[in-house]
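The values are calculated or read from the model by the stated rules, or taken from the named source; none is laboratory data. Bear in mind that the values here come from a model prediction, so they are computed numbers and not experimental data. In this analysis, Cβ positions are derived from the backbone assuming ideal geometry, glycine residues included, and neighbour counts consider all displayed protein chains. Side chains included, ligands, DNA and RNA excluded: accessible areas come from the protein's heavy atoms. Shrake-Rupley method; radii C 1.70, N 1.55, O 1.52, S 1.80 Å.
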Amino acid sequence: MLSLPTVKEARESAGGFSNPGKMPCHSISLPIEFCNVGAKLAKIPGTICYYCYAGGGHYPLPVVQNALHRRLQALGSSDWVGNMVRGINNADYFRWHDAGDVQDMAHLQNIIEVCEQTPSTRHWLPTHEIGLILKYLRDGGVFPPNLLVRMSAVMVDGPPPTFPHTSTVHEKGKPIGQACPAYTQGGKCLDCRSCWDHDVPNVSYPLH
């Protein structure tokens with residue numbers, strides 16, 4: 001009889017979970033240079049990706065970059081879904097990609113399978129991959145009720161994209177919808193869960 005991996009072993013096999021200090025939960029991050037849309041936007045001044053926080057801070061450190069690339073490589077593993085399910089371990093919340101984004105349709109479908117297998121966990125997937133997401137939906141795909149896909153705006157102080165749940169970034173303009181309170185409370189979510197909340201159409205983050 002095969003024994004299940006421990007939570008620690010499963011997370012290690014998935015390349016390791018990240019633990020953003022702001023968040024009430026774990027996440028998983030990928031190298032930003034492998035973002036399909038974001039890597040292009042990052043070259044254009046004024047876009048949100050041009051100011052991506054994952055391009056600075058501790059992210060460029062070799063130990064962090066090694067972890068990001070381990071996670072990217074692990075996506076191709078046949079047991080990635082199982083390792084993610086075991087690693088999430090029925091947590092109350094999970095955030096997808098504190099750095100990086102969905103790579104392709106197979107990756108998106110695997111994320112959705114993980115969400116389906118962790119029904120007691122509320123998942124938040126922020127993304128710039130609107131073309132990929134819309135194709136999935138046009139082809140008859142559905143999101144499980146415990147997954148909130150939040151489409152990111154392109155420009156700082158720009159409008160949200162046309163999608164049920166979105167996010168924007170404000171600098172000189174006023175926040176649209178729900179302003180993220182983290183930056184008024186020590187950089188932490190504390191008891192706010194707006195990003196996961198289906199009743200919050202748009203969350204606006206200050207440029208940081």
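Scanning the range 78-102 for residues that are in a helix (DSSP H, G or I), open to solvent by 40 Å² or more (accessible area, probe 1.4 Å) and of a type in the set (S, T, N, Q) returns no hits.
Of the listed requirements (1) over 28 Å from V85 (Cα atoms); (2) out of contact with any Cys (no Cβ under 7 Å at 6 or more places or on another chain); (3) not in a helix (DSSP H, G or I), Y183 misses just one: (3).
Scanning for something over 24 Å from Y93 (Cα atoms), in a strand (DSSP E or B), in contact with a strand residue (DSSP E or B) (Cβ under 8 Å, 6 or more places away or on another chain) and not hydrophobic (A, V, I, L, M, F, W, C), does the range 187-204 turn up at least one residue? No, that holds for no residue. No other residue among L72, L41, L4 is of a type outside the set (G, A, S) and in contact with a Gly (Cβ under 8 Å, 6 or more places away or on another chain) apart from L72. Just checking, does the range 196-203 include any residue being in contact (Cβ under 8 Å) with a residue 12 or more places away in the chain, open to solvent by 70 Å² or more (accessible area, probe 1.4 Å), within 29 Å of Y136 (Cα to Cα) and of a type outside the set (A, V, I, L, M, F, W, C)? Looking through the range 196-203, at least one residue is in contact (Cβ under 8 Å) with a residue 12 or more places away in the chain, open to solvent by 70 Å² or more (accessible area, probe 1.4 Å), within 29 Å of Y136 (Cα to Cα) and of a type outside the set (A, V, I, L, M, F, W, C).
The residue that is modelled with the lowest pLDDT, among those in the range 17-55 that are aromatic (F, W, Y) and surrounded by fewer than 18 Cβ atoms within 10 Å (Cβ to Cβ), is Y53. Among the residues of the range 144-185, those that are out of contact with any strand residue (DSSP E or B) (no Cβ under 6 Å at 6 or more places or on another chain) and open to solvent by less than 60 Å² (accessible area, probe 1.4 Å) comprise P144, G158, G173, P181, A182, Q185.
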